[in-house]
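No value in this document is a laboratory result; all are computed from the given coordinates. In this text, all values refer to a predicted model and were calculated from it rather than measured experimentally. Neighbour counts are summed over all protein chains in view; Cβ atoms, including those assigned to glycine, are modelled from backbone coordinates with ideal geometry.
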Amino acid sequence: MAPISIVLIVHVIAVFILCSVFCIDATALMHLRSANTVSEAHPWIEPVRNLRAFAIGAVITIQISGFYLVFRTVPLHEAWPRVAMVILPAFMIPFGNMTARRMRAIRKAFKMQNASSAQLLEMLRAPFLKISLALRISAFFGVFLLVSVKPRLWGSITLVGTCLGIGLLCALLPWPRTTATNGSV
């Protein structure tokens, strides 16, 4: 098998892993935000151990394999690869780190029980967690579209900017709160 085929397979696997991380994050955040009690929220504080390691590994793998694939297959004057290589880490690294710090503080507060239930639930409903996830997902989606469409510079910037704008708008919309009463759904 050609080296470029192996790199492409690794790249696609890393993309699937990052998509899985986003799905787990979104599911956990939805459950955390809709929790009415601390005991309802507790299983969703850390649904998968070391999920952040999977995200970091996937982003690094996507960057390295993407660089190799672009270097081998795309003319160097194209703008979309440069935009893609900047956007993904520019949104994943800072927002991922800030979210990780917040979630670490929330896990610590839940473990220590040093705050009231209302304060703990309020920490889970912080708008930043939702905005961070939406921006990371929309940046990823923007890069995915960028690689598919392959526009010029302004088209690349417009495409990614539109994805980020839509992601931010989606983050500002309220999520429906689901509550189960007396065992009914």
| request: Sticking with the crude label model, points 7 Å out along Cα→Cβ, report the distance from Val48 to Arg101 in nm, one decimal please. | output: 2.5 nm
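Relative contact order of the chain, please, whole-number percent, based on alpha carbon pairs below 8 angstrom and at least 6 residues apart.
Working: 154 pairs, mean separation 50.3, N = 185.
Result for the chain is 27 percent.
What FRET efficiency comes out for the pair Ile93/Cys19, r = Cβ-Cβ distance, R0 = 22 Å, nearest 0.05? Don't jump to the answer; show the numbers that get you there.
Values: r = 18 Å, r/R0 = 0.83.
Between Ile93 and Cys19 the formula returns 0.75.
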| message | At a 10 Å Cβ-Cβ cut-off, how would you order Met123, Met1, fewest neighbours first? | response | Met1, Met123
| field | region 3-172, dipole about Cα centre (Lys/Arg Cβ +1, Asp/Glu Cβ -1), debye to the nearest 20 | value | 300 debye
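Semi-axes of the equivalent ellipsoid of region 3-172: what are they in whole Å, largest first, if each equals the square root of 5 times a C-alpha gyration tensor eigenvalue?
Details: eigenvalues 237, 59, 25 Å².
Working from the Cα gyration tensor, I get semi-axes of 34, 17, 11 Å.
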| task | Could I have the simple spin-label model distance between Ile166 and Thr27, label points 7 Å from Cα toward Cβ, reported in nm to one decimal? | result | 2.4 nm
| Leading residue at positive end of dipole, the chain (Cβ point charges), from Pro151, Met103, Leu76 | Met103
